[in-house]
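Inspection log for the structure reproduced underneath, given as structure tokens.
The values are calculated or read from the model by the stated rules, or taken from the named source; none is laboratory data. Quick caveat: nothing in here was measured; it's all calculated off a predicted structure. Here the Cβ is made from the backbone with ideal geometry for all residues, glycine too, and neighbour counts use every protein chain on show. Calculation scope for accessible area: heavy atoms of the full protein, side chains included, ligands and nucleic acids excluded. Shrake-Rupley method; radii C 1.70, N 1.55, O 1.52, S 1.80 Å.
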Amino acid sequence: SLDLAVTLGGIADVEPSPPGAPGTPGPRTGLGVPPPQAAPPQESQPQPRAFLGIQGRDITAELTQSFRFPVQSGVLIESVEPGSPAEQAGLRGGNITARFGGEEIRLGGDIIVQLDGQAVTSIAQLDELIAAYRPGDRITLTVLRSNRRVEVQVTLGEAR
């Protein structure tokens, strides 16, 4: 390796430095060879996310006890977005407003209990299950409507 010292006249004196001296490159570093460059990151398009179009609430033991729901867990549909896949499939939101624990909730809507045969226990889990699908995929939701099990086919839309 080389140490460069600049003289006052602007001409560099070149002196060899002993291997391993402080400030000298290690044994595998080549002088004048640029370090390898990482490949530029690929611009990946974000994957479109599937969309159902409901606002819901977890069915809890407290809700079941207070409002006599026929299940211990699931997702109560409080509202359905106009024009959404949920509305097109005929899912129903609540039509009765009640107070529970200091909050308003909408009762009377469908209760989602399964998605493609898998039990649905919370709105967070429903979101995770739907995230595994793509827009245009068809799913089967099992819902409780007026205490009867109904299977509803939904073609998922694309989240905006």
Expected output for segment 136-160 (first residue on the phi > 0 side of the Ramachandran plot, partner of a type outside the set (D, E, K, R) and surrounded by fewer than 17 Cβ atoms within 10 Å (Cβ to Cβ), Cβ below 7 Å, 6+ apart or cross-chain) is G136/T155; N147/P70
State whether the residues of segment 33-46 include one that is more than 18 Å from the chain's Cα centre (by Cα), modelled with pLDDT under 95, open to solvent by less than 60 Å² (accessible area, probe 1.4 Å) and not hydroxyl-bearing (S, T, Y).
no
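In segment 61-88, what residues are open to solvent by less than 50 Å² (accessible area, probe 1.4 Å) and outside any strand (DSSP E or B)? Steps first, please.
First pass over segment 61-88, keeping only residues open to solvent by less than 50 Å² (accessible area, probe 1.4 Å): 63-64, 69, 71, 73-80, 83-86.
L63, T64, F69, V71, S73, G74, G83, S84, P85, A86 - these are the residues of segment 61-88 that are open to solvent by less than 50 Å² (accessible area, probe 1.4 Å) and outside any strand (DSSP E or B).
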Scan of segment 104-153 for residues that are in a strand (DSSP E or B), out of contact with any helix residue (DSSP H, G or I) (no Cβ under 7 Å at 6 or more places or on another chain), polar (S, T, N, Q) and open to solvent by 20 Å² or more (accessible area, probe 1.4 Å), ordered by number
Q114, T140
Selection status of L91, in a loop (DSSP other than H, G, I, E, B), crowded, with 18+ Cβ neighbours inside 10 Å and touching a residue at least 60 places away in the same chain (Cβ under 8 Å)
yes
Report every pair of residues separated by at least 6 positions or lying on different chains whose Cβ atoms are under 6 Å apart, first residue within segment 113-124 and within 8 Å of T142 (Cα to Cα), second among the small types (G, A, S).
V113/G74
